[in-house]
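The values are calculated or read from the model by the stated rules, or taken from the named source; none is laboratory data. Owing to the predicted nature of the structure, the values given are computational and were not obtained by experimental measurement. All Cβ positions, even for glycine, are placed from backbone atoms using ideal geometry, and neighbour counts span all protein chains on display. We work out accessible area using only protein heavy atoms, side chains counted, and drop any ligands, DNA or RNA first. Shrake-Rupley method; radii C 1.70, N 1.55, O 1.52, S 1.80 Å.
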Amino acid sequence: MTSLTTIAAQYTAEQKSAEVTDWAARIGWVVGLLILIAFVYWLMRQGWKWRGSLQSGLPELPTAPRDPGEPRLTMTGRYHGSTTAGQWLDRIVAHGLGVRSRTELTLTDAGLDVVRPGAADFFVPRDALREARLDKGIAGKVLAEGGLLVVTWEHGGTLVDSGFRSDRAAEHNDWVTTLNHLINTTEGAR
């Protein structure tokens with residue numbers, strides 16, 4: 001028993017307390033990390049501004065006419081952004097088209113009215129509409145196959161794809177059918 005007591009006493013005497021944290025080094029690392037994060041954020045912001053200046057040739061977005069006519073379809077959901085047509089990763093940021101937001105779509109004989117609370121509203125005239133389809137992704141948003149309503153339209157000589165997702169995804173097929181019928185009717189009248 002004495003040997004166990006002796007061993008326990010030696011063990012207790014040899015134990016050292018844990019080293020005190022070096023607060024200056026820790027604070028230095030935290031500040032360095034915060035500076036790195038701020039620098040990366042600043043670079044992303046500069047990239048967004050640069051992209052906007054490259055796309056400054058796009059004219060202002062059209063606004064809805066005073067009397068657009070009776071609505072053919074209405075939809076609430078999300079606007080996920082616009083890209084150059086056929087280039088699903090080439091986001092258009094000019095005139096607020098790159099800002100994701102809630103949206104209310106209204107399709108009339110005059111065109112497609114896009115109302116976005118908290119972002120710039122715009123109107124796509126009937127003559128500017130080119131195609132509607134279901135797709136799976138657009139500039140940073142990828143969904144299940146057919147989960148996104150993509151409307152192709154012309155603005156200032158540039159073909160634009162705009163992506164929308166309804167609160168009720170079952171509406172997408174009706175939108176594609178009605179939009180393409182409206183587009184084909186317009187093309188026949190030209």
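Just a few scattered comments:
- Kirkwood Rh and Cα Rg combined as Rg/Rh, the chain: 1.42
- Largest accessible area first, the listed residues TRP42, TRP50, TRP175 line up as TRP50, TRP42, TRP175 when surface is computed with a 1.4 Å probe on the assembled protein chains.
- Exposure check, 1.4 Å probe, all protein chains in place: ASP135 carries approximately 40 Å² of accessible surface.
- Longest segment of the chain lacking GluC sites (Glu not before Pro) that sit in a DSSP loop with at most 13 other Cβ atoms within 10 Å: 61-144
- Residue-span extension gain [THR158 to THR178] - 0.36 nm each, minus C-alpha spacing: 4.9 nm
- Spin-label zone in the stretch 98-118 - amide nitrogen under 20 Å from a point set 7 Å from the Cα of ARG168 along the C-beta vector: 102-108, 113-115
- Proximity of backbone amide H atoms, modeled 1.01 Å from N, is registered between THR108 and ARG72, ASP113 at under 5 Å, excluding neighbours fewer than 5 places apart on the same chain.
- Across the stretch 54-66, rounded Karplus estimates of 3J(HN,Hα) from the backbone phi angles (6.51 cos²θ - 1.76 cosθ + 1.60, θ = phi - 60°) give 5, 9, 5, x, 6, x, 4, 6, x, 10, 5, x, 4 Hz, Gly and Pro being marked x.
- Annotation: ARG126 carries an accessible surface of approximately 50 Å², with a 1.4 Å probe and no ligand, DNA or RNA atoms counted.
- Pair THR74, LEU134: separation of 7 Å Cα→Cβ label points (nm): 2.4 nm
- Excluding ligands, DNA and RNA, the accessible surface per residue across the chain is 62 Å² with a 1.4 Å probe.
- Amide hydrogen neighbours beyond the local backbone of ASP121, cut-off 5 Å, H modeled: ARG116
- Heavy-atom surface analysis with a 1.4 Å probe gives the chain a carbon and sulfur content of 58 percent of its accessible area.
- Largest-first ordering by accessible area, 1.4 Å probe, given options PHE122, PHE39: PHE39, PHE122
- At the residue level, LEU89 shows approximately 120 square angstrom of accessible surface with a 1.4 angstrom probe and all protein chains present.
- Taking θ as phi - 60° and the Karplus parameters 6.51, -1.76 and 1.60, the scalar couplings of the stretch 135-141 work out to 9, 10, x, 7, 5, x, 10 Hz in sequence order, x denoting glycine and proline.
- Extension gain, LYS141 back to ARG51 (0.36 nm per residue minus Cα-Cα distance, nm): 30.5 nm
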